[in-house]
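Notes follow the structure.
Please treat every number below as a calculation from the coordinates, not as lab data. These numbers were taken from a predicted model, which means no experiment stands behind them. In this analysis, Cβ positions are derived from the backbone assuming ideal geometry, glycine residues included, and neighbour counts consider all displayed protein chains.
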């Protein structure tokens, strides 16, 4: 293949990957608008956001094997078609349930595309220098797409309706399909590795039922029978999944990898860091629009320093990490991440320049933590398990995002409902207690003084919820830093003991 065709292949892959990455975060700025338009309650709002990463997490591990069986180009094209069709449905959804289903289908398309993009790069670029450069572009597109998602959402909502954040995918999907048909090579297939569809479905049931149990528990009047059923499903299907993987000749996950303290610590650290990121994005984007009354574009611009910090931190961290060591760097970055969240929380009443600095610092700490976790995962895995380790790394980030939205969103919902003081006999009690969106809508239909009082109560309660989520995120990161320190320390002591025995 000549050089020009190679770069057209990279262009096609990069456009597709950017769509997947942007769709992970683009909804944050659109959430208040679509909530009002569709009349979604708090629980439906959380499902709209986190069904996408949950489905991606469930299917991602098995999608790479499917590409080996039917061909990565064919899988890539199938993923694009599903993604484009789902985007069209999402853009014109007329109910929260319809949007949740279309977001789930988007997750299916994304999970199919993601491993195929990297495999196509590996097949196209045979020269090692070119391959390294192409993978660097792939990484930058993945991280940059997620970082600029809120800004793109803000720009679109400044001029169009909320469905535009999905509709913009369609022409880009068509362009990528044309480029794929013209330039992406077709490789030989390998049917020796079976596709474990049952394993993928098992883990998806685990994730969705677990998320449902968390959301149900956070409701004002939870269904304890529903919590019991979904918790039982979670434990049951997780047990079945683990047993199936341990018996399989070609498992989706080799659980022996987790016997390495460095590997297991880094995977959990990446999951927690991603969970905190998505949870913070969820609550902060709503605070900017619903409490501070910023427009979607202003809200997206507010996140720009955070995005720049994350982008800048990755290459710098890659240079610092080998000099400091993976253990020290991972622990330090987790601690700094926790401190940066507390600093941002303290800066809410400070002048705008200080808030911008704190947002940039938070992004920098996030980028450093993600780089440290990724590097540690790949260093701890044996060479013959590098591909599986990379898949586990991707899943930990996607899963962390989905669980972060479920857990942090549920904390937000519970604290808001607890702190907003509305008389039980008030006709707006249920609406105002459900979420700040409903309270703000109800306030517009009340007398001016009463409406303003309700707005003040709702905004104060939501701020309490935001502070609680940020405090919880900081606490999770501090606990993670202690756990990583303990695991690495135990590993070092074990290595020292083995060395002493060998010397004897």
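Working out 0.36 nm times the residue gap between residue 316 and residue 182, then minus their Cα-Cα distance, what length gain in nm do you get to one decimal?
The span from residue 316 to residue 182 would gain 44.5 nm if fully extended.
Given a cut-off of under 8 Å on Cα pairs at least six residues apart, what relative contact order in percent is computed for the chain?
20 percent
Would you mind putting 201-214, 452-465 in packing order, based on average other-beta-carbon counts within 10 Å, highest first?
Sorting 201-214, 452-465 by mean packing, highest first, produces 201-214, 452-465.
As I understand it, the value is the acute angle between the Cα axis of helix 448-503 and the longest principal axis of the Cα atoms of the chain; what does it come to in degrees, rounded to 10?
Taking the Cα atoms of the chain, the angle to 448-503 is about 30 degrees.
Using label points projected 7 Å from each Cα along Cα→Cβ, tell me how many nm separate residue 37 and residue 197, to one decimal.
Roughly 3.5 nm, to one decimal.
Would you give the gap between the C-alpha center of the stretch 419-475 and the C-alpha center of the stretch 1-58, rounded to a whole Å?
Here the two parts' Cα centres lie 30 Å apart.
So what's the back-of-envelope 222 nm ellipticity for the chain, counting only DSSP H runs of four-plus at -39500 (n - 2.57) apiece and dividing by all residues, rounded to 500?
Helices in the chain give a 222 nm mean residue ellipticity of -29000 deg cm²/dmol.
Please work out which option in (1) 25.2, 87; (2) 27.7, 90; (3) 23.0, 85 gives Rg and Dmax of the Cα atoms in Å calculated from these coordinates, and answer with its label.
Of the labelled values, this structure produces (3).
What is the helix-to-structure angle for 72-91, meaning the angle in degrees between its Cα long axis and the longest Cα principal axis of the chain, kept from 0 to 90 and rounded to the nearest 10?
Helix 72-91 sits at roughly 0 degrees to that axis.
Could you state the principal axis extents of the C-alpha atoms in the stretch 1-184, from the largest down, to the nearest angstrom?
Computed over the Cα atoms, the extents are 53, 33, 24 Å.
Hey, how many Å between the Cα centroid of the stretch 71-150 and the Cα centroid of the stretch 224-247?
The two parts, judged by their Cα centres, are 29 Å apart.
Peptides 44-51, 241-248, 374-381: what's the order by average Cβ count within 10 Å, highest mean first?
Ranked from most to least packed, the peptides come out as 44-51, 374-381, 241-248.
Got a sec? How would 8, 319 order by Cβ neighbour count within 10 Å, fewest to most?
Final ranking by Cβ density, sparse to dense: 319, 8.
For q = 0.13, 0.16, 0.19, 0.23 Å⁻¹, what log10 I(q)/I(0) does the stretch 197-252 give under the Debye formula with an equal point scatterer on each alpha carbon and no solvent?
One equal scatterer on each Cα of the stretch 197-252 leads to -0.36, -0.50, -0.63, -0.79.
Which order do the peptides 442-450, 15-23, 228-236 take when ranked by the mean count of other beta-carbon atoms within 10 Å per residue, highest first?
15-23, 228-236, 442-450
If contacts are Cα pairs under 8 angstrom and at least 6 residues apart, what is the relative contact order of the stretch 1-160 in percent?
41 percent
Relative contact order for the stretch 243-402 using alpha-carbon pairs under 8 Å, separation at least 6, rounded to a whole percent?
RCO, the stretch 243-402: 41 percent.
For residue 446 and residue 97, what is the calculated FRET efficiency with R₀ set at 22 Å and r taken between the beta-carbons, to the nearest 0.05?
With a Förster radius of 22 Å, E is 0.15.
Among 102, 333, 57, which comes first, second and so on when ranked by fewest other beta-carbon atoms within 10 Å?
102, 57, 333
Using only the alpha-carbon atoms, how far is helix 3-25 inclined from the longest principal axis of the chain? Give it as 0 to 90 degrees, nearest 10.
So the helix axis and the longest Cα principal axis differ by about 40 degrees.
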